[in-house]
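What follows is a single structure, written as structure tokens, with notes after it.
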């Protein structure tokens, strides 16, 4: 099972420095093609997508979630940080553990 990231060039480059493959995308139509290709790749187990790309391609993300096979999609913040209305990682961890970090 491999990780794969789709997002802006800065995010993808950062993950590539950590050994994670990915594809930088700058427009929604290119992102849609990249998401669909990644969903069909049997080697990808976890697909990380920046929140902005996910929001711009919500129907594609929902299609991937609805499949019985394919990668698990994890939405991550991009360089601009967490989008308004989304909880950050620390809040999610605190809620899951029931303790304040």
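None of the figures in this text is laboratory data; all of them are computed from the coordinates on show. Everything numeric in this text was worked out from a predicted model, so none of it was measured. Neighbour counts are summed over all protein chains in view; Cβ atoms, including those assigned to glycine, are modelled from backbone coordinates with ideal geometry.
Before moving on, here are some points about what is shown:
- Subset of the range 42-72 (residues that are loosely packed, with under 14 Cβ neighbours inside 10 Å, without any contact (Cβ under 8 Å) to a residue 40 or more places away in the chain and outside any helix (DSSP H, G or I)): 42, 67, 68, 69, 72
- Hits in the range 10-41 (condition: assigned to a helix (DSSP H, G or I) and over 17 Å from residue 54 (Cβ atoms)): 13, 14, 16, 17, 40
- The set of residues in the range 23-43 that are in contact with a strand residue (DSSP E or B) (Cβ under 9 Å, 6 or more places away or on another chain) and closer than 18 Å to residue 80 by Cβ comprises 24, 25, 31.
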